[in-house]
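J.: Here it is: the structure, laid out below.
The values are calculated or read from the model by the stated rules, or taken from the named source; none is laboratory data. Predicted, not measured: the structure shown is a model, and the values here were computed from it. Because the Cβ atoms are built from the backbone with ideal geometry, glycine has one as well, and the counts that use them run over all protein chains shown.
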Amino acid sequence: MELRLVLQEYASAVLRHWWSIVAGSLLGLVDVIERAYGVWLLPPPWLSWTTAVLGLIVAQFLAYRDLRRAKDEDHAHLQREVERLKVRPYDAEHRKLAEAKVEALSASGRDLLRFLLHRGRTENGQLRLSCQDHHSVFEEALSRARGSGLIMEVYEPGVGRAGVDLCWQVNPQFEVVLKDILALVQQTGSPHFVV
């Protein structure tokens, strides 16, 4: 399927160039000569065929050059995009700080961070239900993560009732660096939170 599209694109480009060379340039030149000298030129058949074939050869070169330039421009654009994406929005000191904070957490605490990175802001009751650990382990993981500043509590108005809901989310200052760090940290055992 892709080969057919490439061949169609190439044939279309060759035809465009061939038409501009033969019909646009050469026939235009013949017309100018005929009008300037007041003669009617009838070239022999071999010259017509030679002109058509040479025009096709030049058209193929021009089509190849155009397609190659487009490919090179796409490649350069993608390379610039890769280089832009390699630049992280945090510095080495910020990463070291976040790594030290993650190291101090238990496996349950790291899974809590993964859960909040994946799910985003989560209501406290839902977070508690998603935890597979004992209540005391959950509270310890939550307390350590909050104490380290990696997560933060947010109070939202209750939906359909008076009062507020306690929600938890990853601290936005650490969100990007935590995604990078936790992607490299291997999860051991069964997950402590069900996503």
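J.: Tell me, please, whether a residue that is surrounded by 13 or more Cβ atoms within 10 Å (Cβ to Cβ) and among the charged types (D, E, K, R) can be found in the stretch 30-53.
T.: No; the residues of the stretch 30-53 include none that is surrounded by 13 or more Cβ atoms within 10 Å (Cβ to Cβ) and among the charged types (D, E, K, R).
J.: All but one of (1) within 27 Å of residue 30 (Cβ to Cβ); (2) touching a Phe, Trp or Tyr at 6+ places or on another chain (Cβ under 9 Å); (3) of a type in the set (A, V, I, L, M, F, W, C) hold for residue 49; which doesn't?
T.: (2)
J.: Looking only at the stretch 155-174, filter to residues that are aliphatic (A, V, I, L, M) and either in a strand (DSSP E or B) or in contact with a helix residue (DSSP H, G or I) (Cβ under 8 Å, 6 or more places away or on another chain) (or both); which one of those is modelled with the highest pLDDT?
T.: Per the stated criteria, the residue is 170.
J.: Out of all the residues in the stretch 102-113, which are assigned to a helix (DSSP H, G or I) and surrounded by fewer than 21 Cβ atoms within 10 Å (Cβ to Cβ)?
T.: Of everything in the stretch 102-113, those that are assigned to a helix (DSSP H, G or I) and surrounded by fewer than 21 Cβ atoms within 10 Å (Cβ to Cβ) turn out to be 102, 103, 107.
J.: Do you know which of the residues in the stretch 58-72 that are surrounded by 13 or more Cβ atoms within 10 Å (Cβ to Cβ) and closer than 15 Å to residue 11 by Cβ is modelled with the lowest pLDDT?
T.: 67
J.: Answer yes or no as to whether residue 76 is closer than 30 Å to residue 127 by Cα, free of Cβ contacts under 8 Å to residues at least 12 places away in the same chain and either of a type in the set (Gly, Ala, Ser) or surrounded by 16 or more Cβ atoms within 10 Å (Cβ to Cβ) (or both).
T.: No, not satisfied.
J.: Something else now. Give the residue that is surrounded by the most Cβ atoms within 10 Å (Cβ to Cβ), with candidates limited to residues of the stretch 114-140 that are part of a helix (DSSP H, G or I) and of a type in the set (S, T, N, Q).
T.: Filtering the stretch 114-140 for residues that are part of a helix (DSSP H, G or I) and of a type in the set (S, T, N, Q), the one surrounded by the most Cβ atoms within 10 Å (Cβ to Cβ) comes out as 130.
J.: Taking residue 78, is it within 17 Å of residue 193 (Cα to Cα) and either assigned to a helix (DSSP H, G or I) or among the polar types (S, T, N, Q) (or both)?
T.: Considered against the rule, which asks whether it is within 17 Å of residue 193 (Cα to Cα) and either assigned to a helix (DSSP H, G or I) or among the polar types (S, T, N, Q) (or both), residue 78 comes out as no.
J.: Go through (1) part of a loop (DSSP other than H, G, I, E, B); (2) at pLDDT 90 or above; (3) over 19 Å from residue 147 (Cα atoms) one by one and return the number of the condition residue 89 breaks.
T.: (2)
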